[in-house]
Amino acid sequence: MSFTMLNRDAGAAMTKCAGSLALFIALVPQATAQDLTAFDYEATPLAIEEKSVENHGDIQVRDITYASPKGGAVPAYEAGFQVSPEGSG
């Protein structure tokens with residue numbers, strides 16, 4: 001197979017790829033400002049409170065709570081504990 005033949009095949013593949021991309025962009029609906037209201041929320045501070053810390057070798061396990069947007073505190077054990085290595089970093 002000659003170099004010219006390979007270039008021609010690569011060019012055809014690139015043309016098909018570009019055409020597919022253009023068709024995809026044309027058919028995908030564009031987001032409007034109204035669509036983005038689903039992401040509106042009132043930012044509230046987490047208000048993290050540390051209840052206890054257990055050391056397990058080089059690992060620290062913290063029992064924490066955080067503020068609920070509906071009011072009150074949420075215990076982190078419902079979602080998990082914060083586990084981190086000792087020290088900074």
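Within the stretch 32-77, how many residues turn out to be small (Gly, Ala, Ser) and in contact with a Pro (Cβ under 7 Å, 6 or more places away or on another chain)? Before you say what the answer is, go through the steps one by one.
Taking the stretch 32-77 and keeping what is small (Gly, Ala, Ser), we get 33, 38, 43, 47, 52, 57, 67-68, 71-73, 76.
Next, from what is left, pick out any that are in contact with a Pro (Cβ under 7 Å, 6 or more places away or on another chain): 67.
The number of residues fulfilling the criteria is 1.
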**Message:** Restricting to the stretch 7-57, name every residue that is modelled with pLDDT of 80 or more, under 21 Å from Pro75 (Cα atoms), among the small types (Gly, Ala, Ser) and surrounded by fewer than 10 Cβ atoms within 10 Å (Cβ to Cβ).
**Reply:** Ser52
**Complete:** The correct count of residues that are outside any helix (DSSP H, G or I) and out of contact with any Asp or Glu (no Cβ under 6 Å at 6 or more places or on another chain) in the stretch 10-59 is 24
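The values are calculated or read from the model by the stated rules, or taken from the named source; none is laboratory data. As the structure is a computational prediction, the values presented were derived from the model and not from experiment. Counting neighbours? That spans all protein chains shown, and the Cβs are built from the backbone with ideal geometry, glycine included.
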